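What follows is a short report on a single structure.
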Amino acid sequence: MLDKEKAILIVDDTMMMREGLRRVLASMGYENTLQAEHGKQAVAFVESGGHDIGAVFLDIVMPVMDGKEALKKIREINKDLPVVMVTSKADKDSIVECSKLGMSGYVLKPINVTEGPAILEEIFTRL
């Protein structure tokens, strides 16, 4: 289970998606969240070591640096940090590629307040 004291980094180029996931996490008692708009910002958060990050929710398709490249760089920095890929479509090739890069799991968008907690709980029990 994920430690509720640790920060969860939410990475998505859409503010509405970041805020939606933040609300779902807050409803589950995970109040400590950080947000990034693209992979480059996410990598900078992880690289800085200034935040006690317990997990990352990383969108696959983003400008500046996509989720696959960010995952690759995050794994170079920290191979044990749970990284859950977030995608709007079940693109099997992308999921397979992210799996090879070391993702901890994936979830389909949108993550809503009704079904989201159950989906995230299932993921957290595997982390």
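The values are calculated or read from the model by the stated rules, or taken from the named source; none is laboratory data. Just so you know, these numbers come straight off a predicted model, no measurement behind them. For neighbour counting, all protein chains shown are included, and Cβ atoms are generated from backbone atoms with ideal geometry for every residue, glycine included.
So the values come out like this:
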{"read-out": "Which numbered condition Leu127 misses (of (1) hydrophobic (A, V, I, L, M, F, W, C); (2) farther than 14 Å from Val11 by Cα; (3) modelled with pLDDT of 90 or more)", "value": "(3)"}
{"read-out": "Residue satisfying all of: in region 98-122; charged (D, E, K, R) and either in contact with an Asp or Glu (Cβ under 9 Å, 6 or more places away or on another chain) or farther than 24 Å from Asn78 by Cα (or both); modelled with the lowest pLDDT among these", "value": "Glu115"}
{"read-out": "Given (1) under 16 Å from Phe57 (Cβ atoms); (2) without any contact (Cβ under 8 Å) to a residue 24 or more places away in the chain, number of the condition Lys89 does not satisfy", "value": "(1)"}
{"read-out": "Members of region 1-35 found to be buried (at least 18 other Cβ atoms within 10 Å of the Cβ), in a helix (DSSP H, G or I) and either among the small types (Gly, Ala, Ser) or touching a strand residue (DSSP E or B) at 6+ places or on another chain (Cβ under 9 Å) (or both), listed by number", "value": "Met17, Arg18, Gly20, Leu21, Arg22, Leu25"}
{"read-out": "Any chance Val86 is among the aliphatic types (A, V, I, L, M), under 11 Å from the mean Cα position of the chain (by Cα), within 20 Å of Lys4 (Cα to Cα) and not in a loop (DSSP other than H, G, I, E, B)", "value": "no"}
{"read-out": "Flag for Val96 being touching a Leu at 6+ places or on another chain (Cβ under 9 Å), not charged (D, E, K, R) and not in a loop (DSSP other than H, G, I, E, B)", "value": "no"}
{"read-out": "Residue within region 47-61 that is in contact (Cβ under 8 Å) with a residue 24 or more places away in the chain, touching a strand residue (DSSP E or B) at 6+ places or on another chain (Cβ under 9 Å), assigned to a helix (DSSP H, G or I) and not basic (Lys, Arg) present", "value": "no"}
{"read-out": "Considering residues of region 36-57 that are surrounded by fewer than 17 Cβ atoms within 10 Å (Cβ to Cβ) and among the small types (Gly, Ala, Ser) only, the residue nearest to the chain's Cα centre (by Cα)", "value": "Ala44"}
